[in-house]
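Structure first, commentary second.
The values are calculated or read from the model by the stated rules, or taken from the named source; none is laboratory data. This is a predicted model, so every value here is computed, not measured. Positions of Cβ are generated from backbone atoms using ideal geometry, with glycine treated the same way; all protein chains shown enter the neighbour counts. Please note that ligands, DNA and RNA were not included when accessible areas were found on the heavy atoms of the full protein model with its side chains. Shrake-Rupley method; radii C 1.70, N 1.55, O 1.52, S 1.80 Å.
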Amino acid sequence: MTSTAQDLHDTPVVAPGRTILELRGLEKKYPGTHALKPVTLAFKAGEIHAIVGENGAGKSTLIKLLTGVMPRTSGEVIWEGKPAALATPHEAMALGINAVHQEVVLCRHLTVAANMFLGEENSRFGILQQRAMVREAQKIIDGLGFDLPAHVILGNLTIGQQQLIAAARATVRGTKFLIFDEPTAYLTRKEADQLFTLIRRLKDEGVTIIYISHRMEEVFELADRVSVLRDGTLVGTRDIAETNDAELVRMMINRSIEQIYHKEHLTPGAPIVEARNLSGKGFEDVSMTVRAGEIVGLYGLIGAGRSEFVTTLYGRHRKSAGHVLWEGKDVQINSEHDAIKLGMALAPESRRDQGLCLNLPVGLNLNLPIYKRISRNLLISGAQERTQADRQIADLRIKTPTRNALASSLSGGNQQKIVIGKWLAHGAKLFIFDEPTVGVDVGTKAEIYRLFSALLSKGAGIILISSYLPEVYELADTLHVFRRGKLVATHGFHTADHEDILTQALAEKQEKLGGKT
Amino acid sequence: MSTEAIPAEKPRRNYNALFGLTLLALLVLLWVLLSFSTSSFASANNISNLLRQGSMIAILAVGQTFVIITGGIDLSVGAVVGFATVIAAMLINAGIPVFLAILLTLLVGVAIGLFHGFGIVKMGLPPFIITLATLTSLRGIGLLMTNGNSISINNDAFQEFSRNSFLGIPNLFWMVLLVGIPAYVFLHHSRWGRYLFSVGSNAEASRLSGVNVQRTIFMAYTLSGLCAAFVGVLLASRIGIGNPTQAEGWELQAIASSVIGGTSLFGAVGSVHGPLLGAFILATINNGANLLNVNAFWQRVITGVLIIVIVYFDGLRRRSGK
């Protein structure tokens, strides 16, 4: 038997406003780390409770304890008035606690419907009722208002669409308590809006939601209450109506918001790279110049052609028309290798897929672009390899036990520092940062921005791609807006306001996006 | 995310060395047990024999490990060994100087490796498929060339080599060092060795960092082909014939040695000393089983079970080590 979204009304939930889940001194210690200091917090039935905090503040640990992935060190969890052990994921699910993770954990090669019913397949005499499941899944998806087919292979959908399916999947399982862990990190605005609609709907149906995000505006858009974690301690819980951006950021990092976007205005020097009427797969007729000492921001929706433009510039993909000037001279860039030789560096969009060798040591990752320099006749100088790695780790303040720790054991923010840091020793002149702060906390963001300033003052130029408007708005000296593969507008520093830029990026599609921006 | 909270992992280098030591301890333990339980194990004769038996698989396993580290597999090495014995035998019998014959045979191995690289990089074939195709084709080509007969090598000096010893150690074992030491330096202390790991871990990230991924893959398969052809020369010397059906199943023994030696079939994890130890552990098990008069059919079963046990415990130890 499978339940539909409609059935959720029948699921017995605690009356709204009453406590559904209570943490009493919940604590988690790892050898050497106190990941979560005793937390006491009560979640009210049917509320959307945001949890914010820097990377490493203890959010993920809290989720792991609540979903039974890891055992707690001490403390009590009271579920609907009764103590719950939460020793296994199965137990958590049986109670009705579910989580939707930032990275989709579903089977990419199976259909949407098969994923929806994974582990709860509908079968008759041992034979799967495939058509019935597709129909059922389609009904649920339609009911949630997503415009997605149930019979297609999940891997053919965008990451954002997969995320929506993951959320839909959690809702059909008699969920009473649903945790979203940074669900919008890879979503377009439209997909995010669909997700928010789903979340509000679940709330109306009495489901309690924990919403974890780095994006303040989402917290204010969605949440009823917000709790702030810092260094494993619960700093405080506020009603959303009684707090503001500035207060939350202060609670999170003990630092004011102005200090985050660290920006020095330098007089731009000579052009480093000029793209003239460049076209390629996914973008058309783009011209721009990046000069020494300036940040050129590229803003637009995901899929607007920004990433395609920079990867083509970097030689990863073939250009179809136009040419590129490097320091005033016409150049042919046929491979990444050519680009790197000229002095370009790319920190790609997805650190897991493109940026890092996760199961290799931090040191190797940091040195990867410069092995040629630290080796003679193929043989690597062990001493140079070690000192280079250690210097990067110290300069970038990468939190890692040693340079030999695996990259996968670091937090998202620290991994991102490796992706960026490996180019610093290389001595590039043009740095391309594609979404450098996705899934990164405010503190690390500030560090990354300070790094930008350091690079600029050394005479480098930066191309910064971001889907987060405040970031490009506050940092870019020149801001280009992309829409559907074209460069549609160019602004100087703060010469346009958010509204205009957003309109240019969205254009005619805007009215369909369901209002809030 | 608070993955920072995961406790510090032990430094990788120490850990690798430690793993090498546990394998070495296992090998020594086997030797000690066999010395006590059989009268003939510890004899000089048997030890030489054991070293000879293990040497050829050990060299194959080193080449195989390079490939596995990039996340690939080379199923062709056994066939390449058989094919190389044919080439070497034909060339030597044709009166070509032995060193030149050896050189040419090695070049054939290189060519086969380059072909694999071409198939994977340029044609986009999975390593499993292209090397499986070579496995069957090479055996066929060898049989066509020899009409299904063995070619006796009429050069005594060539055959002497594999029987002789230097400083009391069989020449074949010296060949393991001849391959193993440069391979160790290459894998752990050279730039290209690092690239093997990085490509095996994340090819896209490596490419964007300026690593020539295609060249790295070509290199791995070429080295594996070269090692296999070299083993073919050694085998031709040892058995004195060229026969394309020789070395049946050696690719699986090479893969097993590599895996016992701590290489991950998912890529990016591996060493040179691990597979060497793995190969000699397998050789010891076979040798010991012979001396203990274990039924040859059972030996195969025991080898299979031991592979499962060793790799399982290795996996356990790794997880608990985290």
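Here is how the numbers come out for the structure above:
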quantity: Nearest-20 debye value, the protein assembly as shown charge dipole, Cβ charges on Lys, Arg, Asp, Glu; calculated: 1860
quantity: With all protein chains modelled, accessible area of B:Phe173 [1.4 Å, Å²]; calculated: 50
quantity: Centroid-to-centroid separation of region B:194-264 and region A:268-328 [C-alpha atoms, Å]; calculated: 41
quantity: Protein-only accessible surface order, largest first, of B:Met175, B:Met123, B:Met90, A:Met252 at 1.4 Å; calculated: B:Met123, B:Met90, B:Met175, A:Met252
quantity: Between region A:138-153 and region A:444-502, the alpha-carbon center distance in angstrom; calculated: 37
quantity: Alpha carbon centroid spacing (whole Å) that separates region B:18-62 from region A:158-223; calculated: 59
quantity: Pairs of Cα atoms farther than 25 Å apart, chain B, %; calculated: 52
quantity: Most to least accessible of A:His494, A:His90, A:His49, A:His214 (protein chains only, probe 1.4 Å); calculated: A:His90, A:His494, A:His214, A:His49
quantity: DSSP bridge orientation in the protein assembly as shown - percent antiparallel, rounded to nearest 5; calculated: 60
quantity: Lysines whose Cα lies under 23 Å from that of A:Lys176, excluding same-chain neighbours fewer than 8 positions away; calculated: A:Lys44, A:Lys59, A:Lys64, A:Lys82, A:Lys139, A:Lys203
quantity: Kirkwood-based Rg to Rh ratio, region A:295-402, C-alpha trace; calculated: 1.02
quantity: Quarter of the Cα convex hull surface for chain A, i.e. its orientation-mean projected area (nm²); calculated: 26.0
quantity: In Å², nearest 10: area of B:Ile120 left accessible to a 1.4 Å probe; calculated: 30
quantity: Accessible area buried between chains B and A, both sides summed, probe 1.4 Å, in Å² to nearest 100; calculated: 3700
quantity: With 5 Å bins from 0: P(r) over region A:359-426, alpha-carbon pairs, percent; calculated: 3, 20, 33, 25, 12, 5, 1, 0
quantity: Average partner coverage of A:108-119, which counts Cβ from other chains inside 10 Å; calculated: 0
quantity: Partners for A:Lys281 among lysines (Cα-Cα distance below 21 Å; same-chain residues under 8 apart left out); calculated: A:Lys319, A:Lys486
quantity: Listed peptides B:212-224, A:191-203 by packing density, highest first (mean Cβ within 10 Å); calculated: B:212-224, A:191-203
quantity: Residues in region A:398-443 occluded by at least 50 Å² - accessible area, probe radius 1.4 Å, against chain by itself; calculated: A:Asn404, A:Leu406, A:Ser409
quantity: Spin-label model distance (nm) - B:Asn45 vs A:Ala270, 7 Å beyond Cα toward Cβ; calculated: 8.1
quantity: Peptide ranges B:54-66, A:271-283, B:270-282 listed from the most packed, as the mean C-beta count within 10 angstrom indicates; calculated: B:54-66, B:270-282, A:271-283
quantity: Carbon + sulfur, % of accessible area of chain A - ligands and nucleic acids excluded, 1.4 Å; calculated: 50
quantity: Rounded to the nearest 10 Å², the accessible area of A:Arg316 at probe 1.4 Å; calculated: 60
quantity: Formal net charge of residues neighbouring B:Asn45 (Cβ-Cβ distance under 14 Å; K, R +1; D, E -1); calculated: +2
